[in-house]
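The values are calculated or read from the model by the stated rules, or taken from the named source; none is laboratory data. As the structure is a prediction and not an experimental result, all values here were calculated from the model. Cβ coordinates were reconstructed from backbone atoms using ideal geometry, including for glycine residues, and neighbour counts include every protein chain displayed. Accessible surface areas use protein heavy atoms only, side chains included; no ligands, DNA or RNA. Shrake-Rupley method; radii C 1.70, N 1.55, O 1.52, S 1.80 Å.
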Amino acid sequence: MSGRPDKDPDALALIDRASALLSAAPGNPQAAFRYPVLSTVGRDGGPNGRVLVLRAADPVTWQAALHTDSRAEKVAELAANSAAMLVFYDHEASLQLRLKGTIGRNADKATLEAIWAELPASNRPNYRASLPTGSAISAAGDGIDSASAQSGYENFDVLTFSAETADILQLARTGNRRYRLDVLSGAGTWLVP
Ligand SMILES: Cc1cc2nc3c(=O)[nH]c(=O)nc-3n(C[C@H](O)[C@H](O)[C@H](O)COP(=O)(O)O)c2cc1C
């Protein structure tokens with residue numbers, strides 16, 4: 001049966017649990033939810049996925065921000081097809097969260113500059129590699145030398161994820177529970193796990 005989770009205390013409790021894990025993750029390097037898998041549609045039409053660090057998350061709107069190099073394959077993929085999924089799993093909480101939605105690049109230059117300014121100095125070299133991520137090289141370690149003319153900001157990009165649905169799976173000895181929330185309408189439904 002589909003309906004408003006606010007009329008179903010079990011659904012509300014499950015949503016609260018998932019959103020609490022999500023909101024705590026960006027600030028906690030030990031949090032499992034800090035390392036989601038981002039899935040995209042490859043430029044060849046096939047699937048692609050990789051782990052990213054969750055940099056910011058809004059537990060009410062289910063929006064999230066991730067940082068990447070603008071030269072990365074995922075950026076080209078998202079320019080061609082903005083469909084994206086973030087998959088999280090917290091083993092201690094026995095909870096999987098699948099956020100399905102779209103990713104837009106952060107077009108707002110002022111916001112991008114502000115985020116770059118706040119970035120720990122240790123993160124900046126990640127964006128200074130002379131060759132783009134995924135370039136073929138003749139030996140391990142080639143191409144990661146810093147291009148001295150670059151600050152890294154030239155290649156820094158923020159991916160802004162907006163969820164359409166949140167699919168929450170709670171594993172439990174007493175019985176697994178799965179609920180899908182339509183983020184935009186606020187309605188949801190229990191699913192066979
Ligand atoms: C724990 C972990 C954290 C990572 N964090 C990021 C990240 O925040 N941003 C990023 O672009 N890549 C990150 N990566 C590397 C990606 O998984 C991936 O290898 C890289 O971004 C290239 O992906 P692409 O060729 O699909 O664009 C991380 C990898 C691991 C294992």
- line: Residue set 184, 159; condition part of a strand (DSSP E or B) and out of contact with any Cys (no Cβ under 9 Å at 6 or more places or on another chain); output residue 159
query: Would it be correct to say that residue 113 is in a loop (DSSP other than H, G, I, E, B), more than 10 Å from the ligand (Cβ to nearest atom) and either touching a Leu at 6+ places or on another chain (Cβ under 8 Å) or open to solvent by 20 Å² or more (accessible area, probe 1.4 Å) (or both)?
result: no
- request: Residues being near the ligand (Cβ under 8 Å from one of its atoms) and among the polar types (S, T, N, Q): count how many of those fall in segment 31-88.
  value: 3
- prompt: So which residues in segment 74-125 are over 25 Å from residue 166 (Cα atoms) and charged (D, E, K, R)?
  reply: 108, 109, 113, 118, 124
- line: Filtering segment 1-38 down to residues that are more than 19 Å from residue 56 (Cβ to Cβ) and open to solvent by 40 Å² or more (accessible area, probe 1.4 Å) yields 1, 2, 4, 6, 7, 8, 9, 10, 12, 13, 16, 17
- request: Check segment 96-106 and report whether any residue there is open to solvent by 40 Å² or more (accessible area, probe 1.4 Å), closer than 30 Å to residue 186 by Cβ, in a loop (DSSP other than H, G, I, E, B) and at pLDDT 95 or above.
  value: no
